[in-house]
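First up is the structure itself, then whatever we jot down about it.
Please treat every number below as a calculation from the coordinates, not as lab data. Note that this is a predicted model, so its numbers are computed, not measured. Note that we place each Cβ from the backbone using ideal geometry, even for glycine, and neighbour counts take in every protein chain shown.
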Amino acid sequence: MMNLHNIGRNNTYMVLAYDQGFEHGPSDFNAKNVDPYYVFDIALHGKYTAIACQAGIAEKHWHDEYKDIPLLLKLNAKTSLQSGDPVSRQHTSVRRAQELGASAVGYTIYLGSDHQQTMFQEFGQIVEKAHEMGLTAVCWMYPRGSNIDEETSTENVAYGARVAHELGADIVKVKDNGDKGGMHWAVQNAAQTDLVVAGGHKTATSTFLRNVERARDFGAKGLAVGRNIWQSDKPLKLSAAVRKILFDDASAAEMIDIMS
Ligand code: FBP
């Protein structure tokens with residue numbers, strides 16, 4: 001396999017996710033963070049290793065100095081308006097990602113959904129194309145749907161990590177269930193696929209920083225987070241604290257002191 005683009009630093013990822021406008025709608029936003037440039041500024045000055053967004057946002061906003069932030073382009077999406085077992089179909093090609101200058105492509109799979117086969121097939125083909133073109137393939141793996149009792153049980157998170165690895169993902173993004181041993185099992189199931197964790201809805205800064213520290217300690221290769229950062233009223237200070245935990249082995253306790 002050819003060398004793939006790197007969307008991390010020192011084998012660690014600190015990705016800023018900004019696809020929530022599609023996935024959740026405007027309810028996640030305020031007057032500041034509704035503006036993609038506000039979030040791109042956080043990604044740039046907060047030294048994120050990549051920005052994850054949809055094609056329209058990339059096409060219109062990822063230019064000039066923002067191109068210094070590697071682009072992770074999402075190729076599928078769904079809104080919060082659909083019902084039934086979740087399915088998210090590909091709407092943008094790997095070719096378009098490459099033409100835009102992306103380093104990586106991303107795709108969400110809802111493990112256990114009645115439509116999982118459709119998503120396996122689309123992601124499998126995306127991996128094949130992405131690797132031909134030297135792009136990194138990232139899988140957002142969320143167990144969800146009528147066959148899933150608990151989306152973040154260790155069993156389901158680890159199962160998702162394994163499926164992402166077997167489909168050929170270079171990086172799998174999962175939700176952290178807070179159980180260090182269980183999440184380490186998920187990392188082991190991901191094998192050579194790097195596992196990163198999502199941030200979830202905005203929590204207290206101290207809780208978030210402790211979650212970052214725990215993720216580092218159970219073997220996650222970093223984060224792909226959104227709301228906890230761009231909904232914060234001190235996004236750059238918080239980003240610096242996250243960076244120190246991930247890259248400099250700082251403790252959450254130290255960083256919580258600095259933040260307060
Ligand atoms: P957050 O850190 O804001 O939770 O973002 C992570 C993410 O994976 C986004 O990329 C995505 O839009 C969102 O979560 C989807 O979450 P869900 O499907 O659970 O609502």
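Tell me the Rg and the Dmax, in Å, that the Cα atoms of segment 49-131 produce.
Expressed in Å, the Cα Rg and Dmax of segment 49-131 come to 13.6, 43.
Classify segment 9-51 as rounded, prolate or oblate from the Cα gyration tensor: take a ≥ b ≥ c as the square roots of its eigenvalues, call it rounded if a/c is under 1.5, otherwise prolate when a/b beats b/c and oblate if not. List each step's numbers first, then the result.
Working: a/c = 3.91, a/b = 1.78, b/c = 2.20.
Oblate shape, in that a/c is at least 1.5 and b/c is the bigger or equal ratio.
For the chain, what class follows from the C-alpha gyration tensor (a ≥ b ≥ c being the square roots of its eigenvalues): rounded when a/c is under 1.5, otherwise prolate if a/b is larger than b/c, else oblate?
Values: a/c = 1.35, a/b = 1.14, b/c = 1.19.
Rounded shape, in that the Cα axes give a/c under 1.5.
Applying 1/(1 + (r/R0)^6) with R0 = 45 Å to the Cβ-Cβ distance of residue 180 and residue 30, what FRET efficiency is obtained, to the nearest 0.05?
Values: r = 33 Å, r/R0 = 0.74.
Calculated transfer efficiency: 0.85.
Just how far, in whole angstrom, is segment 131-191 from segment 42-87 if you go by their alpha carbon centroids?
20 Å
Using the Cα gyration tensor of segment 1-110, with a ≥ b ≥ c the square roots of its eigenvalues, what is the shape: rounded (a/c below 1.5), prolate (a/b larger than b/c) or oblate (neither)? Write down the numbers at each step before the final one.
On the way: a/c = 1.75, a/b = 1.18, b/c = 1.49.
Oblate.
Assuming R0 = 22 Å, can you tell me the calculated FRET efficiency for the pair residue 38 and residue 259, based on Cβ-Cβ distance, to the nearest 0.05? Could you put the intermediate results ahead of the total?
On the way: r = 20 Å, r/R0 = 0.92.
Using R0 = 22 Å, I get an efficiency of 0.60.
List the residues, sorted by chain then number, that are 5 or more residues from residue 173 or on another chain and whose placed amide H is less than 5 Å from its amide H.
Long-range HN contacts for residue 173: 139, 140, 141, 196.
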